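Chemist: Can you keep this structure in mind? I'll have questions shortly.
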Amino acid sequence: MFQLGQIDKWGVILINNVTIFANTVNVRKQMGIVERKIRHKEEVRSGILAAAWNMVITEGWQSLSIRKIADAIEYSIPVIYNHFENKEAILLEFSKEGFQKLAVVLSDAKNAHTKPSIQLSAMADAYWDFAFENKEYYQLMFGLGIPACEMVNQITEMKEMTSILISTIKEALAAAQNEEADSFLKFHTYWSILHGLVSIQMIDKDGKPDMIKKMILKDAMDGFGKSLAV
C-alpha cells in the first residue's frame, strides 16, 4: 500500500487521487530544454548566414570574414566557429544553396516542355537568366570555373543540378537516334558553352546581359542541338 505522494518503482506519484507519472514529467521537461537549445542553435546559425549574406550583397565576397560576421551579430568569434569550421565552410553553404536554386530553375524550364531539344534550349535560357539574376551566387558557385568531377560527386546539390542536364542530353540523343554518342562529352560541351558565354559577359565592363549576347547563346544552342544528331 502506497502513501499519498509516495513514488512507487514505476515512478508514479499519488497526489489527491491524481496519478502523476514522475518520469514522464521529467522527460518532457528535459525534452523542452533540449528543444530550446536546438532552436537557439538554429537561430544563431541562421543569424550567421544572414549576416554573411548581407555582407556579400553590400561589400562583395572578398569582404567576408569571421570577425566581421561576429561583430555584425554581436557574438564572440568562438561562437561562429561552433557552427562553421572556417569562412570556407560558410562559402560552401552558400554554394550548395546556389546549386539547389539553379537545379529548381532548370527543372522548371525542362518540365515546361516535352521535346528534349526544346528542353535544352529552354534550360539554356533559364541558366543564363539565373546567372545574371543571382550574380553573387553564380560568382561563388563557379569562382574557379566549372567544378571537377570529384567535386560534383562530393556535393549533393551540385550533383542534382548536373544530373538534370545529363539526363536531358541523354533523352535528346535517344530522340535523335544517336544513343551511341558520348553523352558525358556532350554534357561538358553544353555546360562549357553556357558557362563560357556567361563568364565572358560577367567580366564585361557593366556585367549585364544584352540582346546580342542572348542571340549568341541561341545560335550556340542551335548548333549544339544539331550536333546531337551527328
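Chemist: What GluC sites (Glu not before Pro) in the range 60-149 are in a loop by DSSP, with at most 11 other Cβ atoms within 10 Å of the Cβ?
Modeler: Hits after loop and neighbour filter: 74, 85.
Chemist: Out of every Cα-Cα pair in the range 50-165, what percent are more than 21 Å apart?
Modeler: Across the range 50-165, Cα pairs with separations above 21 Å total 46 percent.
Chemist: Please list log₁₀ I(q)/I(0) at q = 0.09, 0.18, 0.22 Å⁻¹ for the range 88-227, using the Debye equation with identical point scatterers on the alpha-carbon positions.
Modeler: Each listed q maps to, in turn, -0.26, -1.06, -1.52.
Chemist: Please give the FRET efficiency for residue 88 paired with residue 227, using the beta carbon to beta carbon distance and R0 = 41 Å, rounded to the nearest 0.05.
Modeler: With a Förster radius of 41 Å, E is 0.60.
Chemist: Multiply the residue gap between residue 155 and residue 191 by 0.36 nm, knock off their C-alpha separation, and tell me the result in nm, one decimal place.
Modeler: 11.2 nm
Chemist: Multiply the residue gap between residue 100 and residue 67 by 0.36 nm, knock off their C-alpha separation, and tell me the result in nm, one decimal place.
Modeler: Taking 0.36 nm per residue and subtracting the Cα distance, the gain is 9.1 nm.
Chemist: Further question: So how much slack lies between residue 108 and residue 36, counting 0.36 nm per residue of separation and subtracting their Cα-Cα distance, in nm? Please list the in-between numbers first.
Modeler: Working: separation 72, 0.36 × 72 = 25.92 nm, distance 3.75 nm.
Extra length from residue 108 to residue 36 when fully extended: 22.2 nm.
Chemist: How large is ³J(HN,Hα) for each residue in the range 124-129, as worked out from phi by the Karplus curve 6.51 cos²θ - 1.76 cosθ + 1.60 (θ = phi - 60°), to whole Hz, x for Gly and Pro?
Modeler: Rounded to whole hertz, the list is 5, 5, 5, 4, 4, 4.
Taken together, the values in this text are just the output of simple stated rules run on the coordinates, not laboratory data. Computed from a predicted structure; not experimentally measured. Ideal geometry is used to build each Cβ from the backbone, glycine not excepted, and the neighbour counts take in all protein chains shown.
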